[in-house]
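Take a look at the structure below.
The values are calculated or read from the model by the stated rules, or taken from the named source; none is laboratory data. Here the structure is a predicted model, which means the values were calculated and not measured. Cβ placement follows ideal geometry from the backbone for every residue including glycine, while neighbour counts extend to all protein chains displayed. SASA here: full protein model, heavy atoms, side chains in, ligands and nucleic acids out. Shrake-Rupley method; radii C 1.70, N 1.55, O 1.52, S 1.80 Å.
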Amino acid sequence: QVQLVESGGGLVQPGGSLKLSCAASGNIIRIDNMGWYRQVPGKQRERVATITPGGMANLKDFAKGRFTISTDTAKNMVFLQMDDLKPEDTAVYYCNARVLTTTRAAVDSFWGQGTQVTVSA
């Protein structure tokens, strides 16, 4: 139905930057919300940041001042600019989109495959 493809993860030193990208495609009528979540082994997936098509962003406290979420609604894309990265930011980062599709009269949640971010010296 809807595919989310992430890119931009990798290895970076503490204090460095990475930019994650995610593109949504498929049977999309409307995207209500896109965002980024992260997960480390043995822990629950946690929300990092979300954004509406109108640009209203919501960031978790640990992301405020270091991460910036943005969107390109024409391309159904969401981005996460991560600056001043810390070792504790190491995780698999997942893109999420809440989408109204042509196949169901309801908004469903879709996930990307995840991209690894490793912050290490």
Give the residues of region 31-85 that are in contact with a Pro (Cβ under 8 Å, 6 or more places away or on another chain), part of a strand (DSSP E or B) and open to solvent by 40 Å² or more (accessible area, probe 1.4 Å), sorted by residue number.
D32, T71
Restricting to region 86-121, and then to whatever is of a type in the set (D, E, K, R) and assigned to a strand (DSSP E or B), can you tell me which residue is surrounded by the fewest Cβ atoms within 10 Å (Cβ to Cβ)?
D108
Looking only at residues that are in contact with a strand residue (DSSP E or B) (Cβ under 6 Å, 6 or more places away or on another chain) and open to solvent by 70 Å² or more (accessible area, probe 1.4 Å) in region 1-30, which one is nearest to T68 (Cα to Cα)?
K19
List the residue pairs whose Cβ atoms are under 6 Å apart, where the first residue sits in region 16-30 and is under 8 Å from N76 (Cα atoms), the second is of a type in the set (G, A, S) and open to solvent by less than 40 Å² (accessible area, probe 1.4 Å), and the two are 6 or more positions apart or on different chains.
A24/A97
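Quick one: count up the residues across region 1-30 that are closer than 22 Å to V107 by Cβ and either assigned to a loop (DSSP other than H, G, I, E, B) or not polar (S, T, N, Q) (or both). Let's see the steps before the verdict.
Step one: list which residues in region 1-30 are closer than 22 Å to V107 by Cβ, which gives 1-6, 22-30.
If we keep only those that are either assigned to a loop (DSSP other than H, G, I, E, B) or not polar (S, T, N, Q) (or both) too, we end up with 1-2, 4-6, 22-24, 26-30.
Selection size over region 1-30: 13.
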